[in-house]
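Undergrad: Just passing along the structure, written as structure tokens.
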Amino acid sequence: MKDIFVIVPTLNPNKEILDKFLEKLTKEFENVLVYDDGCREEYQDYFKQMEKKGITVLHHYVNLGKGRAMKDAFNYLLNEYPDLKGVVTADSDGQHSVKDIKKCAKEVLKHQDSLILGCRNFDAAHVPARNRFGNKTTRNVLKLFVGVGVTDTQTGLRGLSKEVMIKFLTTQGDRFEYETNQLIDTISKEVPIKEIEIETIYVNGNTESHFNPIKDSLAIYKLFIKYIFASLSSFIIDIVLFALFNKVIPGASSILIATIIARVISSVYNYLMNANMVFKTKNKSSFIKYVILCVIQMFVSGYSSQYLAKLFTNINVVVIKLIVDMIIFVINFIIQREFIFVRKKYEK
């Protein structure tokens, strides 16, 4: 395939495994780039032999991470090969067959707007326990917190067109978290995901991999942490204002009126935080939907708190409102993610 480059980032690889892989790969692809991510000095002659075979080799003087190697490779190819159609990234530990890399490359040519993922079957009996647990945990958390549903969150076999490469050049992360951040950024960058099923291969029990399934998946949680911060700070503003207005506003409807005033002020703050910091989506449509959601939740919170305050007269009304709004908090995140700050749907 002339229009596709295969990028293979590597760090102190098993030479026997990588040699066999590259031998098969170069029979099918004219353009192969190996990125030496700060390998030990003993590998330098090894990489020189690769270059003699026509393989492009780029180097990091020290280990800077797989994510940095991928972005530096993208940048190099975009500058040096302006007519390039796209790339396929593959791991150097023997986990990806050349047949599956070709499948991925063909999908890049067919779906120039999409991120192509080569997805493994983690229910297979030979899958190491740590990989099965790590992927399934990350997959569920990614779906719950981010709203991106993919079968294999940790796959290193990915296809990116020139257009998609450019979009992911600015994605944060220098190490394994970069691949997770790609998935998260498909929302804000409006990149559909296309999954293809690939063979599930583990060489030597996957001992060659430098990936930590739990540690290197923490990027997923950052989005929800940002949401918690935005919601908690607006929640504090709401509760403080509610307590203040509830004291100064007279009459039987003081709870409802105080709820409305406090919620209007805290909601404007919360919308700006979520639109700019969490979901990174701000437009007229999202604002209108957010206002409708706030009005509904405002009355649900106000009437629920008022009803429960009459029912449980021995409990402070502020405590009652805290409990009610904690329940609304979780529901609110899901609604905002799925219906308000929503982007393109993903293609399987």
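The values are calculated or read from the model by the stated rules, or taken from the named source; none is laboratory data. From a predicted model like this one, the values you see are computed outputs, not experimental measurements. Note: ideal-geometry Cβ built from the backbone for every residue, glycine included; neighbour counts use all protein chains shown.
Yes or no, residue by residue, for (1) charged (D, E, K, R); (2) within 25 Å of the chain's Cα centre (by Cα):
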residue	(1), (2)
Arg40	yes, no
Asp72	yes, yes
Tyr81	no, no
Val87	no, yes
Asp93	yes, yes
Asp100	yes, yes
Val108	no, yes
Ser114	no, yes
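Undergrad: Right, here's the next one. Need a quick list: helices (runs of 4 or more DSSP H) entirely within segment 162-281 having at least 2 residues that are closer than 24 Å to Lys71 by Cβ, out of contact with any Lys or Arg (no Cβ under 7 Å at 6 or more places or on another chain) and modelled with pLDDT under 90.
TA: Values: elements: 162-168, 177-188, 219-248, 254-273.
Helices (runs of 4 or more DSSP H) meeting the threshold: 177-188, 219-248.
Undergrad: Applying the selection to segment 87-122, what residues are small (Gly, Ala, Ser) and at negative phi?
TA: Residues of segment 87-122 that are small (Gly, Ala, Ser), as a first pass: 90, 92, 94, 97, 105, 114, 118.
Within segment 87-122, Ala90, Ser92, Ser97, Ala105, Ser114, Gly118 qualify.
Undergrad: If you scan segment 1-54, which residues turn out to be on the phi > 0 side of the Ramachandran plot and either surrounded by fewer than 15 Cβ atoms within 10 Å (Cβ to Cβ) or part of a helix (DSSP H, G or I) (or both)?
TA: Within segment 1-54, just Gly54 meets the criteria.
Undergrad: Please count how many residues of segment 75-90 are touching a strand residue (DSSP E or B) at 6+ places or on another chain (Cβ under 8 Å), touching a residue at least 60 places away in the same chain (Cβ under 8 Å) and surrounded by fewer than 23 Cβ atoms within 10 Å (Cβ to Cβ). It would help to see each step written out before you state the result.
TA: Of the residues in segment 75-90, the ones touching a strand residue (DSSP E or B) at 6+ places or on another chain (Cβ under 8 Å) are 76-77, 81, 84-90.
Now drop any that are not touching a residue at least 60 places away in the same chain (Cβ under 8 Å), which leaves 77, 81, 84-90.
Restricting the remaining residues to those that are surrounded by fewer than 23 Cβ atoms within 10 Å (Cβ to Cβ) gives 77, 81, 84-85.
Going through segment 75-90 one residue at a time, the tally reaches 4.
Undergrad: Tell me yes or no: at least one residue of segment 335-345 is modelled with pLDDT of 80 or more and either farther than 22 Å from Ala275 by Cα or among the aliphatic types (A, V, I, L, M) (or both).
TA: The initial filter retains those residues of segment 335-345 that are modelled with pLDDT of 80 or more, namely 335.
From what's left, either farther than 22 Å from Ala275 by Cα or among the aliphatic types (A, V, I, L, M) (or both): 335.
Yes, the conditions are met somewhere in segment 335-345.
Undergrad: Something else now. Please identify the pairs in which a residue from segment 91-118 that is crowded, with 20+ Cβ neighbours inside 10 Å has its Cβ atom under 7 Å from the Cβ atom of a residue that is outside any helix (DSSP H, G or I) and aromatic (Phe, Trp, Tyr), counting only partners at least 6 apart or on another chain.
TA: Between residues of segment 91-118 that are crowded, with 20+ Cβ neighbours inside 10 Å and residues that are outside any helix (DSSP H, G or I) and aromatic (Phe, Trp, Tyr), the close pairs are Gln95/Tyr202.
Undergrad: Considering only residues that are in a loop (DSSP other than H, G, I, E, B) and acidic (Asp, Glu), look in segment 92-136 and name the one that is modelled with the highest pLDDT. It would help to see each step written out before you state the result.
TA: As a first pass, look at segment 92-136 and keep what is in a loop (DSSP other than H, G, I, E, B): 92-97, 111-114, 120-128.
Within this subset, residues satisfying the condition of being acidic (Asp, Glu) are 93, 113, 123.
On the way: Asp93: 88, Asp113: 95, Asp123: 70.
Taking the candidates together, the pick is Asp113.
Undergrad: Restricting to segment 164-180, and then to whatever is among the β-branched types (Val, Ile, Thr) and buried (at least 20 other Cβ atoms within 10 Å of the Cβ), can you tell me which residue is nearest to the chain's Cα centre (by Cα)?
TA: Going residue by residue through segment 164-180, those that are among the β-branched types (Val, Ile, Thr) are 164, 166, 170-171, 180.
Restricting the remaining residues to those that are buried (at least 20 other Cβ atoms within 10 Å of the Cβ) gives 164, 171, 180.
Numbers: Val164: 15, Thr171: 10, Thr180: 4 Å.
Across segment 164-180, the extreme among qualifying residues is Thr180.
Undergrad: Another question about this same structure. Can you confirm whether segment 262-272 contains a residue that is touching a residue at least 40 places away in the same chain (Cβ under 8 Å), over 17 Å from Leu232 (Cβ atoms) and surrounded by 17 or more Cβ atoms within 10 Å (Cβ to Cβ)?
TA: First pass over segment 262-272, keeping only residues touching a residue at least 40 places away in the same chain (Cβ under 8 Å): 270.
From what is left, the residues that are over 17 Å from Leu232 (Cβ atoms) are none.
So far as segment 262-272 goes, no, none of its residues is touching a residue at least 40 places away in the same chain (Cβ under 8 Å), over 17 Å from Leu232 (Cβ atoms) and surrounded by 17 or more Cβ atoms within 10 Å (Cβ to Cβ).
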